[in-house]
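Colleague: Once you've had a glance at the structure underneath, I'll fire off some questions.
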Amino acid sequence: MISDDTTPDATGASAPGGGGASPADHPHRADPIGEAHRQWIDHGWGDVADGMAAVTAIMRAQQIMLSRVEHVLKPHGLTFARYELLRLLAFTRSGRLPMAKAGARLQVHPTSVTNAVDRLEAAGLARRLPHPTDRRTTLVDITAAGREVVAAATEDLNARVFADVGLAPDSRAALIEALTELRRSAGDFD
């Protein structure tokens, strides 16, 4: 969930924009998650200190990545949620999907899909269409302008974020493996 208010980090300090400030903004600051880990141990919670640090580090990493992604997408007039929906539609053969299926593939609540489609429709990047055989179903369809925007946004994300996420190739592979294990154990997929 994207928020424009301040979000406290592990130490209780707040960073604007959901804590998306980059580490370069504070090059000499001690690691607040490391400090929180130390405090957990000092307060008798050593048996769960690594778990707290792992959860907090994942949440902070998500803030950092989302900040980078949103910075790249902003000139394209997109949020990550809207980008994901457009990219999904662009990947399909027809450029359209039932709204419920789009939500299931993106693993988001139907209301989130509705809100994203509302915004994309207002921008002329997608449109709602009636399903040709099922009156209960609404399709979301990418427009030609939507294809252009998502193609340009993808080029920028590939060059400015995905090509260098801040980890060496071996570390990226290990992170993907660890997060896949976490997601599978949480029932995110079979």
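Colleague: For the range 135-165, which positions are touching a residue at least 40 places away in the same chain (Cβ under 8 Å) and in a loop (DSSP other than H, G, I, E, B)? Outline the logic, then answer.
Modeller: Of the range 135-165, the ones touching a residue at least 40 places away in the same chain (Cβ under 8 Å) are 138-142, 146-147, 149-154, 156-157, 160-161, 165.
Within the range 135-165, Val165 is the sole residue that qualifies.
Colleague: Looking at the range 122-131, can you tell me whether even one residue there is of a type outside the set (Val, Ile, Thr), surrounded by 18 or more Cβ atoms within 10 Å (Cβ to Cβ) and either farther than 17 Å from Phe91 by Cβ or free of Cβ contacts under 8 Å to residues at least 60 places away in the same chain (or both)? Let's see the steps before the verdict.
Modeller: Of all residues in the range 122-131, those of a type outside the set (Val, Ile, Thr) come to 122-131.
Imposing the further condition that a residue be surrounded by 18 or more Cβ atoms within 10 Å (Cβ to Cβ) reduces the set to 125-126.
Still in the running and either farther than 17 Å from Phe91 by Cβ or free of Cβ contacts under 8 Å to residues at least 60 places away in the same chain (or both): 125-126.
There is at least one residue in the range 122-131 that is of a type outside the set (Val, Ile, Thr), surrounded by 18 or more Cβ atoms within 10 Å (Cβ to Cβ) and either farther than 17 Å from Phe91 by Cβ or free of Cβ contacts under 8 Å to residues at least 60 places away in the same chain (or both).
Colleague: Moving to a separate point now. Spot the failing condition for Arg135; the list is (1) within 21 Å of the chain's Cα centre (by Cα); (2) surrounded by fewer than 16 Cβ atoms within 10 Å (Cβ to Cβ), and only one is missed.
Modeller: For Arg135, the failing item is (1).
Colleague: What number of residues within the range 82-92 satisfy the criterion of being in a helix (DSSP H, G or I) and either surrounded by fewer than 17 Cβ atoms within 10 Å (Cβ to Cβ) or not aliphatic (A, V, I, L, M) (or both)? It would help to see each step written out before you state the result.
Modeller: We begin by selecting, within the range 82-92, every residue in a helix (DSSP H, G or I); these are 82-91.
Retained after the next criterion (residues that are either surrounded by fewer than 17 Cβ atoms within 10 Å (Cβ to Cβ) or not aliphatic (A, V, I, L, M) (or both)): 82-84, 87, 90-91.
Of the residues in the range 82-92, 6 are in a helix (DSSP H, G or I) and either surrounded by fewer than 17 Cβ atoms within 10 Å (Cβ to Cβ) or not aliphatic (A, V, I, L, M) (or both).
None of the figures in this text is laboratory data; all of them are computed from the coordinates on show. If you're wondering where the values come from, they're calculated on a predicted model, not measured in any experiment. Cβ sites come from the backbone with ideal geometry, for glycine too, and all protein chains shown count toward neighbours.
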